[in-house]
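One structure is given below, encoded as structure tokens.
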Amino acid sequence: MPSPAVSFFPARDGVRLGYRELGEGRPLVLLHGISTDATLWLRHGQAETIAAHGYRVILPDFRGHGASAKPQEAEAYPADVLTDDAFALLDHLGLDDYDLGGYSLGARIVVRMLVRGATPGRAVAAGQGLRQVLGFGGGAGSFMRQVYAGSASFTPGSREERAAQRLLAGGGDPVALVHVLDSIVATPVELLGSVQVPTLVMVGSEDERADSADALAEALPYGTRAVVPGNHGTAVAAPEFTASIVDFLTDHR
């Protein structure tokens, strides 16, 4: 299936942001992770499969990613700006009855939207755990900063070197991506208790965040948990991942 065409909308500060759509039916906004873009949901047919179940799937690119603008100035990345941008997309499309999902960084933004008053019918937060939401995820963010800054030296052939090569091969702008990392804010656990939206917390069985994902599901009053095959990099491509989203959304209609 050809990739959907990119459309654009203005963020609240005027930055030009891109998004794609496919399918018809109930709107579902899906947010991608750091150093990738909306095609995360297209590469293995996830968005197409979900759309076939009666959904209008909406796939934005975060600022600093994909087809969206990549400002170089730190001032263009204030605290929680990705959440602000997601709310701007809802306003642009006039969405007030919709579902919401995200993977990795996208899941953190889903949580931020929920605690800031977003009211989707249901939500999916995949590839993240309570530790990361609380701002204690340190390792991955520190590693990415080193890679983007070009300040890391890894043993040739090591797992770290391969991970760094994958990050750089994504074609992202290192300056913009460091600013994105700086904009991410933590969510206090007490705010999670106020979320009244049924939320699926999903994680790969080999993802190092798996135990923390259990804690996130428990912290959300209407949180449920699902485990699918794979690690943080591969779980999103597993057929079970997409099937779990479809089952969760349709069961809660």
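The values are calculated or read from the model by the stated rules, or taken from the named source; none is laboratory data. Keep in mind that this is a model prediction, so the values were computed, not measured. Virtual Cβ from ideal backbone geometry, glycine too; neighbours counted across all protein chains shown.
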Count of the range 17-51 residues which are closer than 30 Å to residue 143 by Cα and either of a type in the set (Ser, Thr, Tyr) or in a loop (DSSP other than H, G, I, E, B) (or both): 12
Members of the range 184-200 found to be crowded, with 21+ Cβ neighbours inside 10 Å and either touching a Ser or Thr at 6+ places or on another chain (Cβ under 7 Å) or among the small types (Gly, Ala, Ser) (or both), listed by number: 200
Residue list for the range 104-121, filter: touching a residue at least 40 places away in the same chain (Cβ under 8 Å), farther than 16 Å from residue 222 by Cβ and assigned to a loop (DSSP other than H, G, I, E, B): 104
The range 52-92 - residue that is assigned to a helix (DSSP H, G or I) and touching a helix residue (DSSP H, G or I) at 6+ places or on another chain (Cβ under 8 Å) and, of those, surrounded by the fewest Cβ atoms within 10 Å (Cβ to Cβ): 74
Any hit, the range 143-150, residues being among the aliphatic types (A, V, I, L, M), buried (at least 20 other Cβ atoms within 10 Å of the Cβ), at pLDDT below 95 and over 19 Å from the mean Cα position of the chain (by Cα): yes
Positions within the range 8-54 being free of Cβ contacts under 8 Å to residues at least 60 places away in the same chain and over 17 Å from the mean Cα position of the chain (by Cα), in sequence order: 8, 14, 16, 22, 23, 24, 25, 48, 51, 52, 54
